[in-house]
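Single-structure report; data block below.
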Amino acid sequence: MTLLFHQGALGDWVLTFPIMRALSGRIMAVSSWSKACPAAKLIDNVEPFNIEMREFTRLHAGDGPAALGPAVRELLEQATRIMSFVSDGDDAWARNVRRLAPRAKTFYVSPRPSADWPGHVSAWHRDRLERQGLSVQPVMQASHCNAGGHVLIHPGSGGRDKCWPLERYALLAQALTRAGSEVGMILGEVEVQTWPSDTLHKLKIEHRVRIVQSLEDLRVDLDAAALFVGNDSGPTHLAAEMGLPTVALFGPSCSRRWAPLGPLVSILAPTEPQPMAWLEVDEVVEACLAMRKRAELDTLDTQII
């Protein structure tokens, strides 16, 4: 049995999914409950655990947890492999886990690469594991194409500088509608809490907007879509990982390192990081139409096979 601990943001978390698919046996995904549950829905043999349980948070304390409930104790005692994205292996967490999980071989991975790492973060994960004696060949999700579905746009991100100008998203929606696509837009907690109320009101009037209340709601919305368009954000990573045809827009962040992974992903990125205004509407429209054709061909190939 494998225990995988992770406390990072949604995008960082999703980038561990191909590793989880490659592991044999039962996998206990120990993360925030909102992120662990979608992993269990999308990956076979994965069961969710809430890393915010006091017994898990106390693993970071010098004196460790005072007591363990039977469920957590059994998890740690029966684990044969622990994959930690929360410890460097030389801290209180590692010492407590070595004591509480004596049968387990533990692997420590920093979720974010060092500054001089030249490649993608997923390659960094594999490299760190291989250096500790674990060779893993990540497994991607198969493509998931809903030929009759709608285009789903998420114009937000955890960082405002990563967001393509909202007025260009509006023009994109109009262009795709004229091209015959039904278009919907989703907004999450970040946008609802930080965007001006008049901006939110205008979006709801002019577009078919749904406020996503949870990651499970997001997963269901993505599952029903035919194409996803978004910035460098957690939802974009999740869409790509689910196999949904995805167009990802990059600007200030490095796509070479942070591009979402999936079978049908188109990355629009400048040659060097720069503000999102570099990207014109026509380029995104063209990428979306090309991706829809690519998805249709993928569906046809699957039906022939």
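The values are calculated or read from the model by the stated rules, or taken from the named source; none is laboratory data. For clarity, every value in this text was computed on a predicted model and none was experimentally measured. Backbone-built Cβ (ideal geometry, glycine too); neighbour counts: all protein chains shown.
Results, tabulated for the structure shown:
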item: Residue in the stretch 169-179 that is under 25 Å from Ser34 (Cβ atoms), of a type outside the set (A, V, I, L, M, F, W, C) and in contact with a strand residue (DSSP E or B) (Cβ under 8 Å, 6 or more places away or on another chain) present; result: no
item: Extreme residue, nearest to Ala290 (Cα to Cα), among residues of the stretch 169-191 that are surrounded by fewer than 17 Cβ atoms within 10 Å (Cβ to Cβ) and at pLDDT 90 or above; result: Ala179
item: Qualifying residue in the stretch 26-48 (condition: on the phi > 0 side of the Ramachandran plot and either among the hydroxyl-bearing types (Ser, Thr, Tyr) or touching a residue at least 24 places away in the same chain (Cβ under 8 Å) (or both)); result: no
item: Ala71 vs. criteria under 30 Å from Glu286 (Cα atoms) and not in a loop (DSSP other than H, G, I, E, B); result: no
item: Given (1) exposed (fewer than 13 other Cβ atoms within 10 Å of the Cβ); (2) under 22 Å from Gly133 (Cα atoms); (3) not aromatic (Phe, Trp, Tyr), number of the condition Ala101 does not satisfy; result: (1)
item: Where a residue in the stretch 54-75 is within 22 Å of Asp90 (Cα to Cα) and its partner, wherever it lies, is among the β-branched types (Val, Ile, Thr) and crowded, with 16+ Cβ neighbours inside 10 Å, with Cβ under 7 Å and at least six apart; result: Glu55/Val72; Phe56/Val30; Leu59/Val97
